[in-house]
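See structure below.
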Amino acid sequence: MIIRQLISAYSYSIYQWLFFFFLYSLIGWVWETLYVSIMEKKFENRGFMKGPFLPIYGAGAITILLFTLPVRHKPVLVFILGMMGATLLELITGIIMEKMFKVKYWDYANEKINYKGHISLRSSILWGVVALGMMYGFHKPIEDAVIKIPTKIINPIVMVVFVVIAADFATSFKAALDLRDFLIQFEKIKDELLKLQKKAALFENKAVTALLKRNPGAISKEYAQALVQYKDLFIQTIKSKIDDTIEKITEDKSITETDEKSE
């Protein structure tokens, strides 16, 4: 009986599942882009990809459906399971993307109850509310409309959208990897600058001690000259490191673009 209920709950075809994923990814992009653009008072294209899709919303919607369809007539379970499923997805996705790209694409660190900025109590509760809204609100008319679309129409649409999104994802993925490489180089520069700073502080202490022992009256003039020399050396070192990093990233990008053209 339970198995039969589960099978009937997941009655969508693979193309219908994909259609829901694309549709909710689009709805999520529209919602978040409008919200952030209004808050920032300028257009802000949200998300990982260049096109009007936020896959985390599509994946969240699919996860909620998978967790809640078998209990769609039990609101309390819909809220709890929808909240748990979407929160788990958000946590795993956030950790993987930060590990891969060295960037957080969302951050709840400023909220009172959160876990490493990936998830928060507020966002989890909102996911539960979204699950209720889906099951008892907007998903039903969407479901009815999608089911009525003939297979010979929905299948080609899904395939075309899939190709477009896949191409967009591949381009965005490469751009994210380039950004990651830049951030790694930047971290190396920062570490080297911290080492230089420690050496400079040591040099400064030794210089002051030596000058005080030799001629306390000459401390102002000689110490000032030493600081000017150190400042020039420090600025020159920073500029050299930044120029080397930009040149390396530019060379790597040129090589990649040349390889792509040759292919």
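Residues in the range 116-148 that are touching a residue at least 60 places away in the same chain (Cβ under 8 Å), open to solvent by less than 70 Å² (accessible area, probe 1.4 Å) and of a type in the set (A, V, I, L, M, F, W, C): W127, V130, A131, M134, M135, I142, V146.
Among F79, F169, which is surrounded by 15 or more Cβ atoms within 10 Å (Cβ to Cβ) and either of a type in the set (A, V, I, L, M) or modelled with pLDDT under 90 (or both)?
F169
Scanning for something open to solvent by 70 Å² or more (accessible area, probe 1.4 Å) and modelled with pLDDT of 90 or more, does the range 29-43 turn up at least one residue?
Step one: of the range 29-43, the residues open to solvent by 70 Å² or more (accessible area, probe 1.4 Å) are 31, 34-35, 38-43.
This time we only want the ones that are modelled with pLDDT of 90 or more, so: none.
Within the range 29-43, not a single residue is open to solvent by 70 Å² or more (accessible area, probe 1.4 Å) and modelled with pLDDT of 90 or more.
Taking the condition of being of a type in the set (F, W, Y) and touching an Asp or Glu at 6+ places or on another chain (Cβ under 8 Å), how many residues in the range 76-104 meet it? Result for the range 76-104: 0. Counting only residues that are assigned to a loop (DSSP other than H, G, I, E, B), more than 24 Å from S172 (Cβ to Cβ) and open to solvent by 80 Å² or more (accessible area, probe 1.4 Å), the range 84-115 holds 3 of them.
Would you confirm whether any residue within the range 101-122 is among the charged types (D, E, K, R) and on the phi > 0 side of the Ramachandran plot?
Taking the range 101-122 first, the residues among the charged types (D, E, K, R) are 102, 104, 107, 111-112, 116, 122.
Pick out the ones that are also on the phi > 0 side of the Ramachandran plot and you get 102, 116.
The answer is yes; a qualifying residue exists.
The values are calculated or read from the model by the stated rules, or taken from the named source; none is laboratory data. These numbers come from a predicted model, not from an experiment. Cβ sites come from the backbone with ideal geometry, for glycine too, and all protein chains shown count toward neighbours. These accessible areas exclude ligands, DNA and RNA; they are computed on the full protein's heavy atoms, side chains included. Shrake-Rupley method; radii C 1.70, N 1.55, O 1.52, S 1.80 Å.
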